Structures are given as structure tokens and as C-alpha cells.
1. List the trypsin sites (Lys or Arg not before Pro) within region 72-159 that fall in a DSSP loop (any state other than H, G, I, E or B) and whose Cβ has at most 16 other Cβ atoms within 10 Å.
2. For the chain, with every protein chain kept in place, what is the accessible area per residue (1.4 Å probe, Å²)?
3. Helix-only mean residue ellipticity at 222 nm, the chain, DSSP H runs n ≥ 4 weighted -39,500 (n - 2.57), per residue, nearest 500. What is it?
4. State, to one decimal in nm, how far the label point of F224 lies from the label point of D125, with both points 7 Å from Cα in the Cβ direction.
5. From the backbone phi of region 101-107, what are the Karplus-calculated ³J(HN,Hα) couplings (6.51 cos²θ - 1.76 cosθ + 1.60, θ = phi - 60°) in whole Hz, Gly and Pro given as x?
6. Could you let me know the centre-to-centre spacing of region 46-75 and region 282-345, using Cα atoms, in angstrom?
7. So the label point goes 7 Å from the Cα of D113 along Cα→C-beta, right? Which residues of region 171-195 then have their backbone N under 17 Å from it?
8. Using DSSP to define loop residues, name the trypsin sites (Lys or Arg not before Pro) in region 430-504 whose beta-carbon has at most 11 other beta-carbon atoms within 10 Å.
Amino acid sequence: MKKILILILCLTGSLLVSVPVFAQQVHAQADHGSSIPNRPGWMRWERNVVIQHGNIRIFSNFAEVNSITQDFEAWGNLRIRVPNGIITGVRLRNYPQQNVMIVHQDVVFTDRDSTQLFTDRLVYDRRTEISTYTTGGRIVMTDSTVLTSQIGHFHGRTNAFHARTDVVITHPDYLIHTDSVQMYDDVIYFFGPTHVWSDDNYLFAERGWKNTEKQIASLSQNAFIQTPEQRIYADSIYYEMEIDFGMAFNNVIAIDSANDIIIHSDFALTDRRIGDAWFTKNPVAIFINDGDSLFLRGDTLRIAYDTNTNDIIHMLAYHNVRFFRHDMQGAGDSLAYVVADSTLTMFGDPIVWSNNDQMTSDTIRILLSDNRPKHMYLLNQAFIVSRGYHEGIFNQIRGREAIGLFNDSSDLESIQVFENVETIYFIMDDSDNSLIGILKQPAEEMKMRIENQAIVSINYLRPGPGSMFPYDELPAEERFLEGFLWQIERRPKSRDDIFSQKEL
């Protein structure tokens, strides 16, 4: 049959009919066309139908077109060419007053980049070139990313997607569940509670973005990252997954379950390529123990990792270091914790308190077991001060080095001092705790046993000439060894006291 080409407005003689100024004229051609009885202005087209409506061309087997209102429907092998792609479906209805077309059943929208949208009902806005579905849709991208949601918008001019309600994004490398997302090129912006799973990581936030090509994420509002070794919470997190580099800001909590360590700070930076993590802005490390955890702070905490296993090698704390346990406290300029042998080593005027005892030296090393103190070493210029029963009375021991042993309750049970030992010991009457005398005794070595926080015995090895003085006969200035200093003001009284007043 000879193809008929008809301009609808001319055939119906409706040039004088008022048409909305925003409506674009509809041109149609087909193998066969006929008017529809009792429906003024309507024409029916059959076989090889082509409809041109502005910059949109529609191909179908059948169509009905109203030359007056610009309404039309098309069906049968439906194919719609829009500026940014091709839409196929079962049936199309044009609504010129609203400048939208609605495509029904088995709808597939393939854009210029070969991304495909599948839905049962698609609304296409001719003015904005935005396609919308509200009955559920699925978007399949060329990189194997698949997005499903209840509601979605595709912006043809920018190739951006906006999906809402029950959004799920799947990819061979990750899975995302969220309430609302916008996708532009390789970046996914998400709004509302969002979960991101990958082979080695889990991310959560209520707002943020993820660059899927570069594998970079920026999370905010209750941000959370979990790796096989750590969990990190913060107000916001920036994370580069491929190189395992990240920064966290404000209210940072890092949990290392393998080593039973929790770190709080307001800024953290981790770079697993070089095996480093830094925590600043009032950082606190908590060495977890069921009975009594140890709280450690410094101006800066630095953790070194094994780049192959991601295991912690050591932790460094420096400048204004203080720590607190209920049975032990300490302070110094810097501290190093080595995981392999569970040792804390303190430098820079270090000091440790245990019950009534104060211990100082050039370097202090504490061996931990299950995050409890087991041994303590005072290296070079060891000085031990024990506050006595009476006010202003202090038992004192000085030597080159000393070793302290702790019992299962983390109480000191013995102290052994080596080389050039000097002691001052105040002797009391057991019956009424009155002061009897003062013993000043040098020795090459000495060992002291402690029970229930009280000295029960002192043994001297190779003692030198000592002196016993009646308490009242020894002048006050001779009751202290050279270098004596009672530093009670430096002692943290609680875990909050490891911060200065200014920091709090």
C-alpha cells in the first residue's frame, strides 16, 4: 500500500482551533490512516507508524492521534527515540497539557551510554528530559552496577540518577542499601541511613558519597567503618578503599578487637600502605581489661601496623603522657607500647604510682599480661617513695635499677633494687603505730616484700654500714635521700584526670 504522509492539523482543517502555546505540533505517517467515528479530531494509524513530536520520534504498529489537543497513543512494537536514548514498551500515552508521555508495560530505557532502565510505568517529561518511575524500577549500567528502587528519576541532560525508597545498588565489588541516592558519572551521593558492604569492609552513614571508580567514600552523620581488624566511628570519615587510607573527624572511636584496644580522639589518620595511624586532638587509648582497663592519653598517639598482616606492631604516645588504672597511674613525656612482648616503656621524667608507692627513673618499663601489670623495671636512677602511716613520713629507696613484681590483683608484692642502694625506713611500734626510729641503710642490693599494701620484710644483700636513729634525734633535712621529690600533684585521681583542666 502506498505510504500516506499527512500533516494532522491540515487534514482535519483545524488550523483555527486554539492550541496551547507550549504544545508542539504532532506529525504522523503510516501505511494506512483513517478517521475515528464519533471522535472529532482523532485519526487512527496502522502499520509502520512514525510520529514526530518536537524532538521526539515514535515508531509503532498502531497509533491514535488527536490533531486538536495533540493527544496521542501508540502501541505495538513501540520504540521511542528521545534526545538521550531509546525507550521501548507496550503502550504510550501523550499528555500535551502536562508535557509528559507515559509508557506502560515492560518499559526499557537505554541511554546513549548503554545504561538501561527497566520498569512497568515510565513518565517522560519532554521539557526537562527527566524520566520518572514510581512503581519500582531497575537500572543496569555497563560496569555491572545494578540499582533497584521503588521511585527513580533519570535526568537525560546530565545522565544523573536519583532513586528513593528501598534503594539497593549491587556490583561485583560492593553492595549498598539506602533510602535515597543520586548518581552522577561514577559518584553516588546518598541521603538517609546507608549500608555499604564489600569483601573486606562495611560502611554506614546517614549522609555522604562514594566514588565507585576510584573507590573513595566520604561519610557523615553517624559514620562507621568496619574492617577485619578495626571498627571506626566518627562524625565524618574520608576513606580511600583501594589504598586503605582514611581520615576521621570529631568524636572518633577506633576499636581494635584483636588487641583489645579502643582509641578516642577528635582527629584520626590511617595509612595502611606505610602501616601508620595517627590520633590527635585529645586522644585516649583504652587497654581493655575486665577488671580494670588502662586509660592512656598524650598529645599524639601513633600506631604502627604490619603492612602484610595489618596487626599492630607498636603504639607511641608523646608529649604530656598520662595513664590511669584504679591500681596504677603514670605520667611522663612519652611512651611506647610494643604488642609483641606487651610492654609499656615510659620516657622523659617518667613516674608511676601504685597504691602508696611512687616510682621514678630515667626510663620505666612495664610488662603487661592480659592488659594487667606483671613486672615493672626502673632503669637508671631508680627512686621509690612509699608514703608512711603518718603525715609527711616517706620510706625511700634509691638505686641504679629496680624490678617490681605484681600479684594477680595488680598490687605490688615485691621490689628488688640493684647497685648502690640507699634506704631510709621509718620504724613504727606495732602496738600503737607510733614512730620509734629511722633506719638509714646502704647496700649493694635489697629486696622488699609487700602484703596488703604494707611492707612486711626488707632484706639487704652485701649491706654497708648503716645507722639507726631515734625518731626525734634525726633532723628533718636528713630524713630524705638526695633527689627526693613527692609529686602527688602529677598523679591522676580518675580517668578524667588524665586530661588537664584546659583540655577538659
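The values are calculated or read from the model by the stated rules, or taken from the named source; none is laboratory data. From a predicted model like this one, the values you see are computed outputs, not experimental measurements. Using ideal geometry, Cβ is built from the backbone for each residue, glycine included, and neighbour counts are taken over all protein chains shown. Remember, those area values only see protein heavy atoms, side chains included, never the ligands or the DNA or RNA. Shrake-Rupley method; radii C 1.70, N 1.55, O 1.52, S 1.80 Å.
1. Working: sites: R79, R81, R91, R93, R112, R121, R126, R127, R138, R157; in loops: R112, R126, R127, R157.
Here the trypsin sites (Lys or Arg not before Pro) that fit, given the DSSP loop and packing criteria, are R112, R127, R157.
2. Result: 48 Å² per residue.
3. Value at 222 nm, helices only: 0 deg cm²/dmol.
4. Label-label distance for F224 and D125, simple model: 3.6 nm.
5. Per-residue couplings from phi come out as 10, 10, 10, 10, 6, 6, 7 Hz.
6. Computed from Cα coordinates, the inter-centre distance equals 75 Å.
7. Answer for this model: 171-172, 181-190.
8. Those that pass, being in a loop and sparsely packed, are K493, K502.
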